[in-house]
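Asker: Structure incoming, see below.
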Amino acid sequence: MAQINPSILSADFARLAEEAKAVEGADWLHVDVMDNHFVPNLTLGVPIVEALSKATATPLDCHLMIEDADRWAPLYVEAGAGSVTFHAEAAAAPVRLAREIRAKGARASMALKPATPIEPYEDLLPELDMLLIMTVEPGFGGQAFLDIMLPKIRRTRELISKHGLELWLQVDGGVSATTIERCAEAGADVFVAGSAVYGAKDPAEAVRALRDQAVTATETAPWACGH
Ligand code: DX5
Ligand code: ZN
């Protein structure tokens with residue numbers, strides 16, 4: 001199953017409720033939280049996530065690009081997020097944090113920046129509901145997709161199969177009509193798209209088109225045979 005998560009980073013922040021409605025067929029709404037320390041950009045925090053969760057029926061997929069994730073991530077669950085992603089590079093105790101997120105009732109997810117390898121985290125994977133592989137350096141929308149991340153996506157998919165895990169594999173950054181098939185073929189099954197959705201004339205149609213492309217590419221992908 002291919003899921004498409006539009007990133008509201010590319011939406012109009014003054015009209016967030018309407019922008020959420022414009023992509024109601026999406027699986028999740030991707031919310032990028034940035035603190036101007038972990039990444040050189042500042043976006044939004046707990047109060048806006050809380051307001052947005054009341055304004056849309058689409059579940060929120062909060063991507064925390066912030067330092068001190070151990071302290072803040074649980075507050076995003078309380079604010080109404082259905083999935084909370086912390087960065088491996090920003091969590092002091094990722095196992096404890098993932099367990100806390102799950103215990104509070106959300107899906108627990110961990111993200112890796114482009115230069116962070118997956119291999120040291122192999123034993124942690126059963127603690128997670130999703131693993132996010134960044135396909136750009138985090139911080140800004142509209143950047144070019146990093147093809148050099150495809151081997152990491154493949155290796156992660158192999159680890160998921162090897163351990164028989166129900167772990168979603170998300171890609172984020174530069175995902176568009178020209179790159180989504182490569183991601184799906186390599187093993188991703190959750191796709192974040194900011195500019196490719198909100199930059200389109202019809203965002204809802206862009207979501208459908210991206211999902212169709214991902215589903216078709218997955219059908220012929222070696223990793224998905226028999227799924
Ligand atoms: C970047 C954010 C992404 C961003 C993606 O740091 O994590 O979610 O919104 O935007 P596009 O799809 O335009 O690369
Ligand atoms: Zn993101």
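The values are calculated or read from the model by the stated rules, or taken from the named source; none is laboratory data. From a predicted model like this one, the values you see are computed outputs, not experimental measurements. Positions of Cβ are generated from backbone atoms using ideal geometry, with glycine treated the same way; all protein chains shown enter the neighbour counts. Accessible surface areas use protein heavy atoms only, side chains included; no ligands, DNA or RNA. Shrake-Rupley method; radii C 1.70, N 1.55, O 1.52, S 1.80 Å.
Asker: In whole Hz and in residue order, list the ³J(HN,Hα) couplings for the stretch 117-128 that follow from phi through the Karplus curve 6.51 cos²θ - 1.76 cosθ + 1.60, θ = phi - 60°; x for Gly and Pro.
Answerer: Result, ordered by residue: x, 7, 3, x, 9, 3, 6, 8, 4, x, 7, 10 Hz.
Asker: Can you find, among Thr135, Val95, Leu60, the residue farthest towards the positive end of the dipole of the chain? Put +1 on the C-beta of Lys and Arg, -1 on that of Asp and Glu.
Answerer: Val95
Asker: Could you report the stretch 3-224's accessible area per residue, 1.4 Å probe, as an integer in Å²? Don't skip to the end; give the middle numbers.
Answerer: Working: 9190 Å² over 222 residues.
Here the per-residue accessible area is 41 Å².
Asker: For the chain, what does the helix formula give at 222 nm: sum of -39500 (n - 2.57) over DSSP H segments with n ≥ 4, over the residue count, nearest 500 deg cm²/dmol?
Answerer: Values: 8 runs with 78 residues, N = 227.
After summing the helix terms and dividing by the residues of the chain, the value is -10000 deg cm²/dmol.
Asker: Counting only protein chains, not ligands or nucleic acids, how are Leu75, Leu64, Leu124 ordered by accessible area (probe 1.4 Å), most first?
Answerer: On the way: Leu75 60, Leu64 0, Leu124 40 Å².
Sorted by accessible area, descending: Leu75, Leu124, Leu64.
Asker: Pairs of Cα atoms under 8 Å, at least six residues apart: use those to get the relative contact order of the chain, whole percent.
Answerer: Over the chain, the number comes to 20 percent.
Asker: Express in nm, to one decimal, how much length is gained between Phe13 and Glu119 on full extension, taking 0.36 nm for each residue of separation and deducting their alpha carbon distance.
Answerer: 34.5 nm
Asker: Per residue, how much space in cubic angstrom lies within the convex hull of the C-alpha atoms of the chain?
Answerer: Values: hull volume 24.7 nm³, N = 227.
Measuring per residue, one finds 109 Å³ for the Cα hull of the chain.
Asker: Which percent of the accessible heavy-atom area of the stretch 8-71 goes to carbon and sulfur, probe 1.4 angstrom? Please list the in-between numbers first.
Answerer: Details: 1480 of 2820 Å².
Here it works out to 52 percent.
Asker: Please report how many Lys pairs in the chain have alpha carbons closer than 25 angstrom, counting only residues at least 8 apart along the chain or sitting on separate chains.
Answerer: Working: Lys21/Lys54; Lys21/Lys201; Lys54/Lys104; Lys113/Lys152; Lys113/Lys162; Lys152/Lys162.
Step by step, the pairs that qualify in the chain add up to 6.
Asker: Something else now. Run the simple label-point estimate for Ser195 and Glu24 please: 7 Å along Cα→C-beta, distance reported in nm.
Answerer: Label-label distance for Ser195 and Glu24, simple model: 2.9 nm.
Asker: Determine ³J(HN,Hα), in whole Hz, for all residues of the stretch 55-72 in sequence, where each value follows from phi through the Karplus function 6.51 cos²θ - 1.76 cosθ + 1.60 and θ = phi - 60°; x replaces Gly and Pro.
Answerer: In residue order, the calculated couplings are 8, 9, 8, 6, x, 9, 10, 8, 9, 8, 9, 9, 6, 6, 4, 4, 7, 8 Hz.
Asker: Moving to a separate point now. Using a Gaussian network model on the chain with a 10 Å cutoff between Cα atoms, which of Pro117, Pro94, Pro74 fluctuates the most?
Answerer: Pro117
Asker: At a threshold of 8 angstrom on Cα-Cα distance, excluding pairs fewer than six apart, so keeping six or more, what relative contact order does the stretch 90-135 reach in percent?
Answerer: Details: 43 pairs, mean separation 19.4, N = 46.
After rounding, I find 42 percent.
Asker: With each pseudo-label sitting 7 Å past Cα toward Cβ, what's the Leu165-Phe140 distance in nm, one decimal?
Answerer: In this crude label model, Leu165 to Phe140 measures out at 3.2 nm.
Asker: Right, next: Work out the length of the dipole vector of the stretch 3-224 about its Cα centre, built from +1 on the beta-carbon of each Lys and Arg and -1 on the beta-carbon of each Asp and Glu, and round it to the nearest 20 debye.
Answerer: Numbers: 19 positive and 32 negative charges, 30 e Å.
That gives a dipole near 140 debye.
Asker: Something else: Under 19 Å from a point placed 7 Å out from the Cα of Val215 along the Cα-to-Cβ direction: which residues of the stretch 148-189 have their backbone N that close?
Answerer: Answer for the stretch 148-189: 169, 176-189.
Asker: Please name which of Ala209, Pro126, Ala108 has its Cα lying farthest along the dipole of the stretch 3-224 towards the positive end, using unit charges on Cβ (Lys, Arg +1; Asp, Glu -1) and the Cα centre as origin.
Answerer: Pro126
Asker: Over the chain, with a Gaussian network built from C-alpha contacts below 10 Å, which listed residue (Ser53, Ser176, Ser161) shows the highest mean-square fluctuation?
Answerer: Greatest mean-square fluctuation among the candidates belongs to Ser161.
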